[in-house]
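The structure appears below as structure tokens.
The values are calculated or read from the model by the stated rules, or taken from the named source; none is laboratory data. These numbers come from a predicted model, not from an experiment. Every residue, glycine as well, gets a Cβ built from its backbone with ideal geometry; the counts of neighbours run over all protein chains shown.
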Amino acid sequence: MPTITTDAPGTNQLLIGNEAIARGALEAGIGFAAAYPGTPSSEIIGTLAQVAKDMGIYVEWSVNEIVALEAAAGASFAGIRALAAMKQNGVNVACDFLANLVMSGIGRAGLVLVVCDDPSAISSSNEQDTRYVAKWLDIPLVEPGDFQEAKEMTKWLFDLSEELGTICLLRSVTRIAHARGNVKLGELPKITRKAYFDQIQDIRNPMPTKYIPVPSPVRHFFQHARLNRAREKFESAPFNRYVGPPSPDLLIVTCGSCWLYSLDAVRALQLEDRVGILKLGTLWPLPEKVLEENLARARKILFVEEIDPFIEQSVMEFVAGAPFLDRLPVFYGKRSGHVNAYGELNPDMVIKAISNILELTYQPRPLEYTSEAESFRKSHVPERSMTFCPGCPHRATFWAIKNALKLDGRGGFVTGDIGCYSMAIGPAGFLQVRTMHCMGAGVGIANGLGKLDQFGFEQPVLAVVGDSTFYHAAIPALINGIYNRSNFVLVILDNSATAMTGFQPHPGTGMTAMGESTNVVSMEALCQALGARVQVCDPFDLKSATATLLEMMAEDGGPKVVIMRRECELVRSKKEAAPYKVYVDQEKCIGECCGCDRLCTRVFLCPGLIWDRKSGKAKIDDVICAGCGVCADICPRGAIIKEAR
Amino acid sequence: MIVYTKSWQDLFAEVIETALCTLCGACSGFCPYLTYYRGRIAVLDNCTRTNEAQCYQYCPRTYIDLDTLSRAIFLSPYSAEPLGHAKAVVMARSADTKVRAGAQYGGVVTTILSFALQKRLVDAVLLVRTLWDKTPQPFVARTTDDVMQCMGSNYMACPLLHGYNQFSKEHISGDCRLAIVATPCQVLSVAKMKSRPPQNKLNIANVKLVIGLFCTWALIPDRFSSFLRKAVNLADVIKFDVPPPPANRFDIYTKSGRISLPLEQIREFTMPACAYCTDMTSEFADISVGAAEGIEGWNTVVIRSEAGDELWQRLTTEKKVEVGELPSSNLEHLQAAAMLKKKRAITELTRKSGDQGNLLYLGLSPELLGKWVA
């Protein structure tokens, strides 16, 4: 049984941050949770979906983030506590609704939006800092500093949301979301929920209940009042705390995972008696009294936070507007250059910042350690670039795309977005993808490019999207192209899964988050109904896939759709054995000679192929090879043999 | 023969991007990098080889020394005669009336090939087949019927040797013997291969017979096909012909009669590369075949090599062909036309190089060159 449903209050469980948030939501008695998958947020809904039936809650993978948030708001309007989860990019998608929801207010039941930011953009296209959304749209914001807090805050935030009648935001980061720690469990509520939309909220003022953002100035005013009430709650919240001497030489103000980095740094420097740490858990509105009390402790203040200077700027703004200090302290942080205003931080960076400010010399290890470690690593771990899995249909698709574009010869190119197929910006996909922004952006960009013929633009444009991305973000752009007769080919890489985030089902898979079979939204029927010419290809049939692309590119008159359909290899291989045994006929392989020049191991680059330096021939790595057999079709000498198993 | 330390990039810089490429297909379809597609050589990926790249080596528009080639193929120095090395020049036609009926002129090529296949002198023939859109495609014929399907001149440049390269990969270890029907530029590439056998291709010694075609120019395949599609119903086209001067016509024979286009209209579709070609009669073939101008239903045949001669003897002995003497006026006219092509090409090459002594790809001693331009 998954640990998040363990009904043993007071016991400890080892949970990742996202599981702790899910458990917090269960302890808060949620009835509804919705999300679109996105690293590092995916496990929140993934975990809740697994226990949904047991816990009597409803959990869904929504088609995209705005629908997820709207659906969750719907539940709140009907009195069911609801949670929506997404990554930082997802908030952009949801923002239009979010801005209006803040004005309309939520329903009877609490509504929490969990956002997992991805400092350093480890699994993202950008590293935007979502905390500013709270300040921008007037939403109460908290951020957990450890796993226990992740659970406690989630639960606490539902009460706050309900009490204030506004959506509340919980921001987490990758190192909280995906790291694992002890979490002491609380009570799981035993409640029966009855959902209903209350037609009349106030019997003394019997107007129909309406969730509307107008009149906006009035509602804006009231939202500020709610924020002030949130601030009062925040002043006494258990999530803000100070550790250190009463009057330290340096005060660190921090939040989230940086709280742990700061603790480590101070301990490593053995400065517990000189440096104090104010850890904030409630970030917006600022807990002003907490700040007032603690900022006075030191003359030097260092802000340690990921990614942007949110607390730094907010605190400086606060100090400027409320001169409660007899003398302004010196502020250190991103503005002063002591802490990076980009990327993830780590204890070393905090050590460096503290040492710099306090003029200490700290050398944790010999200077040559880094270079030695690097050369040791290189001797044991081969250099590898990001690549598609062996057997991945995308490799075959981009091979066909590359060849089709080269054969076509008009300088065509690919616009893309994010997903596994983003790796085609690199050698894995033969450097084919030339634009990458948000989900679906490639299709929108292709819309523009496809209308430039009057300016002499003659290059074919292929827009690639994943299957999940197609449903999420490409449909309006396709409609726009059909409406405005833009010339491009939409290539849907249909691997029947939201593969990059962990194979979550989507509207095309016939499966729900809770494991129930459901309607399949047929992408080809949809595209055809919109009026596009549609072809379905098997990317492993390189010849016909290439020919189809060439044919579609040669056609004018609005968007064409090519669906490259083959199941994600990681999904397929869980169900059945490899279709082929693949080996290299050492006699036939001509290696580096004229006529091949190592096409398979130099250009095609499937990790299942290895170059044997000694023999000067290619080989198959049987451990890695997925047995897809595509390399047999690209070998110019017929030296790679595939035998049906 | 010179061996180059050159790469595909050099081939592009020196030949393809300078309009010297004849689309013969010698660089195409062998490796996974260069391939013919709709009238161009497409580069699918970067090959890193900078040494002995065979795409460069066997291109008929990278350096060739005619004398060296002649010594390798005919065991005699290059003569610089208008028709090249020739044992005999005759007029001939197929003895088979059925072949003659479907042939461009006298059906000699079809007859030679059928004979070679039937007598098991070769196992297959690489030649040109015309597709539905009238563009030419390399085709490997294994039976007389296959050969019959390919009768008639196409007039569009065909990457015939793309077909050789592909066939080559499939029969690398086999002993399949091949005949090739080729235009002068293609024959030149095969001659290069004969003088220095390629690696990882079909053993060039297995190419037992090279039938060369007379050629004055070729048309750019896809551009001409698109033009043709607008001019006629492609399905009705039976054959093309360029009647001898002073007709100045390009004739399209269709089911509903002949359509004649002024030659000037066709010239815009000619391969620019053809202006730099000095060879009208496929001088390095075993046997060259063309029209016998003004004598309907007959071919002019140039017997060149020992092998060609031997085969021709058998064909005549077994009465597969009817042979006649080529009227001397015809011979003189043919020689004059061949010489005109050489002179024009030398002028164009000199103009292109901007240097009197620089004939770009063509290696020819001043003495031999003197014979041409005197």
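Given the conditions (1) in contact with a Lys or Arg (Cβ under 6 Å, 6 or more places away or on another chain); (2) of a type in the set (Val, Ile, Thr); (3) free of Cβ contacts under 8 Å to residues at least 40 places away in the same chain, and given that B:THR111 satisfies all but one, which numbered condition is not satisfied?
The number of the failed condition is (3).
Among the numbered conditions (1) under 22 Å from B:ASP45 (Cα atoms); (2) without any contact (Cβ under 8 Å) to a residue 60 or more places away in the chain, tell me where A:LYS575 comes up short.
Result: A:LYS575 passes all but (1).
Residues checked against (1) at pLDDT 95 or above; (2) touching a strand residue (DSSP E or B) at 6+ places or on another chain (Cβ under 8 Å); (3) under 30 Å from A:ASP585 (Cα atoms):
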residue: B:VAL109; (1), (2), (3): yes, yes, no
residue: B:SER114; (1), (2), (3): yes, no, no
residue: B:THR143; (1), (2), (3): yes, no, no
residue: B:GLY163; (1), (2), (3): yes, yes, yes
residue: B:CYS176; (1), (2), (3): no, yes, yes
residue: B:PRO198; (1), (2), (3): no, no, yes
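May I ask you to say which residue of A:SER379, A:SER336 is free of Cβ contacts under 8 Å to residues at least 60 places away in the same chain, surrounded by fewer than 11 Cβ atoms within 10 Å (Cβ to Cβ) and among the polar types (S, T, N, Q)?
Unique residue meeting the criteria: A:SER379.
What is the number of the single condition among (1) away from every other protein chain (no Cβ under 14 Å); (2) closer than 19 Å to B:PHE284 by Cα; (3) among the basic types (Lys, Arg) that B:ARG142 does not meet?
(2)
Can you find, within segment A:467-501, the residue that is nearest to the chain's Cα centre (by Cα) among those that are surrounded by fewer than 24 Cβ atoms within 10 Å (Cβ to Cβ), polar (S, T, N, Q) and in a helix (DSSP H, G or I)?
Among them, the one singled out is A:THR501.
So, A:PHE97, is that one of a type in the set (Phe, Trp, Tyr) and either touching a Leu at 6+ places or on another chain (Cβ under 6 Å) or over 23 Å from A:ARG219 (Cβ atoms) (or both) or not? Steps first, answer last, please.
Details: of a type in the set (Phe, Trp, Tyr): yes; either touching a Leu at 6+ places or on another chain (Cβ under 6 Å) or over 23 Å from A:ARG219 (Cβ atoms) (or both): yes.
Yes; evaluated as a whole, the condition is true for this residue.
Would you call A:LEU360 surrounded by fewer than 16 Cβ atoms within 10 Å (Cβ to Cβ), in contact (Cβ under 8 Å) with a residue 40 or more places away in the chain and either not β-branched (Val, Ile, Thr) or not in a helix (DSSP H, G or I) (or both)?
So A:LEU360 passes the test.
Which ones in segment A:366-411 are among the hydrophobic types (A, V, I, L, M, F, W, C), away from chain B (no Cβ under 14 Å) and not in a loop (DSSP other than H, G, I, E, B)?
A:ALA373, A:PHE376, A:ALA396
Wholly within segment A:156-246, which strands (runs of 3 or more DSSP E) include no fewer than the required count, namely at least 2 residues that are over 16 Å from A:PRO144 (Cβ atoms) and touching a strand residue (DSSP E or B) at 6+ places or on another chain (Cβ under 6 Å)?
Fully inside segment A:156-246 and qualifying: A:241-243.
Within segment A:235-252, track down each residue that is hydrophobic (A, V, I, L, M, F, W, C) and either surrounded by fewer than 23 Cβ atoms within 10 Å (Cβ to Cβ) or not assigned by TED's automatic domain parsing to the domain that holds A:ILE301 (or both).
Within segment A:235-252, A:ALA237, A:PHE239, A:VAL243 qualify.
Every residue, every condition in (1) without any contact (Cβ under 8 Å) to a residue 12 or more places away in the chain; (2) assigned to a helix (DSSP H, G or I); (3) surrounded by 14 or more Cβ atoms within 10 Å (Cβ to Cβ), yes or no:
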| residue | (1), (2), (3) |
| --- | --- |
| A:ILE301 | no, no, yes |
| A:ASP308 | no, no, yes |
| A:PHE318 | no, yes, yes |
| A:ASP326 | yes, no, no |
| A:MET349 | no, yes, yes |
| A:ALA353 | no, yes, yes |
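If I filter segment B:170-190 down to residues being out of contact with any Pro (no Cβ under 6 Å at 6 or more places or on another chain) and among the hydroxyl-bearing types (Ser, Thr, Tyr), which single residue comes out as nearest to the other protein chains (Cβ to nearest Cβ)?
Looking at residues that are out of contact with any Pro (no Cβ under 6 Å at 6 or more places or on another chain) and among the hydroxyl-bearing types (Ser, Thr, Tyr), I get B:SER173.
Looking only at segment A:67-93, how many residues end up being within 30 Å of A:ILE191 (Cα to Cα), within 16 Å of the chain's Cα centre (by Cα), part of a helix (DSSP H, G or I) and among the small types (Gly, Ala, Ser)?
1
Could you tell me whether segment A:274-292 includes any residue that is within 21 Å of A:CYS168 (Cα to Cα), out of contact with any strand residue (DSSP E or B) (no Cβ under 9 Å at 6 or more places or on another chain) and of a type outside the set (Lys, Arg)?
Looking for residues that are within 21 Å of A:CYS168 (Cα to Cα), out of contact with any strand residue (DSSP E or B) (no Cβ under 9 Å at 6 or more places or on another chain) and of a type outside the set (Lys, Arg), one finds at least one in segment A:274-292, hence yes.
Within segment B:191-200, is even one residue more than 14 Å from every other protein chain (Cβ to nearest Cβ), under 30 Å from B:GLU264 (Cα atoms) and either crowded, with 19+ Cβ neighbours inside 10 Å or more than 13 Å from the chain's Cα centre (by Cα) (or both)?
Within segment B:191-200, none of the residues are more than 14 Å from every other protein chain (Cβ to nearest Cβ), under 30 Å from B:GLU264 (Cα atoms) and either crowded, with 19+ Cβ neighbours inside 10 Å or more than 13 Å from the chain's Cα centre (by Cα) (or both).
Among the numbered criteria (1) surrounded by 16 or more Cβ atoms within 10 Å (Cβ to Cβ); (2) at pLDDT 95 or above; (3) not aromatic (Phe, Trp, Tyr), which one does A:ARG572 miss?
Checking A:ARG572 against (1) surrounded by 16 or more Cβ atoms within 10 Å (Cβ to Cβ); (2) at pLDDT 95 or above; (3) not aromatic (Phe, Trp, Tyr), the one that fails is (2).
Kindly indicate whether any position in segment A:128-142 is among the charged types (D, E, K, R), surrounded by fewer than 24 Cβ atoms within 10 Å (Cβ to Cβ) and part of a helix (DSSP H, G or I). Talk me through it step by step, then tell me what you get.
Initial filter on segment A:128-142 (among the charged types (D, E, K, R)): A:129, A:131, A:135, A:138.
Within this subset, residues satisfying the condition of being surrounded by fewer than 24 Cβ atoms within 10 Å (Cβ to Cβ) are A:129, A:135, A:138.
Then keep just the ones that are part of a helix (DSSP H, G or I); that gives A:135.
Yes, that holds for at least one residue.
Quick check on this structure: which one of A:SER123, A:SER104, A:SER161 is small (Gly, Ala, Ser) and at pLDDT below 95?
A:SER123
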